[in-house]
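Everything on this sheet refers to the single structure shown next.
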Amino acid sequence: TLDLPTYIRGLELAENYLYLAADENEILVIDISDPSSPFVAGSTSTGLSANDVAVSGDYAYMAAGSAGIRVIDISDPGNPSEVAYFHHVGQANEIDIEGKYLYAAYGTNGMGIVDISNPLMPSETAWWETSDNVRDVDASGDFVYLADYGAGLRIIDVSVPSSPSLRDSVAVIYS
């Protein structure tokens, strides 16, 4: 068995590794190449809130609350290290990646779209404001799906990433 931290806030599976946002300030790299014997291959402590993690290529991206998005080089899974960051107003709570864009749920500050084509220099592409509180985000193709708390499900068209638009929404019905 693995001796894991007290809290696991997010995870991402990439090849033979499982990346964990753990104990509010750490990214753990778990080698799962042998599922019957997983082990901690590496870790990095950021000293920042680790709310979620997403992986693209040789980089893991960590949603770090008010400290924005942290970029972790994972080319050597045994020695991950922070190499860059992106910050915008709000709390980066949940993230997802589709292609060269990272989508971030920023709570009451909406959703951010960040160009990660150069992981060492992430840059804001666009911002989509919300009427409520974006808690989670999932991207697929030209659409991003937002859990917008009391406002319900929002479907955002990002076919033109610099100009996201509301495609549809599903309201929450209170009984």
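In this label model, Ser45 and Asn118 are separated by 3.3 nm, measuring between points 7 Å along each Cα→Cβ vector. Multiplying the residue separation of Thr6 and Ser37 by 0.36 nm and subtracting their alpha-carbon distance yields 9.1 nm. Spin-label model, Asp76 to Thr108: label points 7 Å out along the Cα-to-beta-carbon direction sit 4.4 nm apart.
When the chain is treated as a GNM with alpha-carbon contacts under 10 Å, the residue of Ser45, Ser36, Ser66 showing the greatest mean-square fluctuation is Ser36. Probing with 1.4 Å while keeping every protein chain in the model, the per residue accessible area of the chain equals 49 Å². Our summary gives the stretch 5-121 a relative contact order of 17 percent, counting only alpha carbon pairs under 8 angstrom and 6 or more residues apart. Principal semi-axes of the equivalent ellipsoid, √(5λ) from the alpha carbon gyration tensor of the chain, are 28, 18, 15 Å from largest down. For the stretch 135-164 versus the stretch 19-57, the spacing of their alpha-carbon centroids is 26 Å. Distance between the modelled labels on Ser66 and Glu129, one decimal in nanometres: 2.3 nm (7 Å Cα→Cβ projection).
Just the protein heavy atoms count here, and of the accessible area of the chain at 1.4 Å, carbon and sulfur take up 45 percent.
May I ask you to derive the FRET efficiency for Asp138 and Ser162 from their Cβ-Cβ distance with R0 = 22 Å, giving the value to the nearest 0.05? Here the calculated transfer efficiency is 0.60.
The values are calculated or read from the model by the stated rules, or taken from the named source; none is laboratory data. No experiment lies behind these values; they were computed from the predicted model shown. Counting neighbours? That spans all protein chains shown, and the Cβs are built from the backbone with ideal geometry, glycine included. All accessible areas refer to the heavy atoms of the entire protein, side chains included, with ligands and DNA or RNA removed. Shrake-Rupley method; radii C 1.70, N 1.55, O 1.52, S 1.80 Å.
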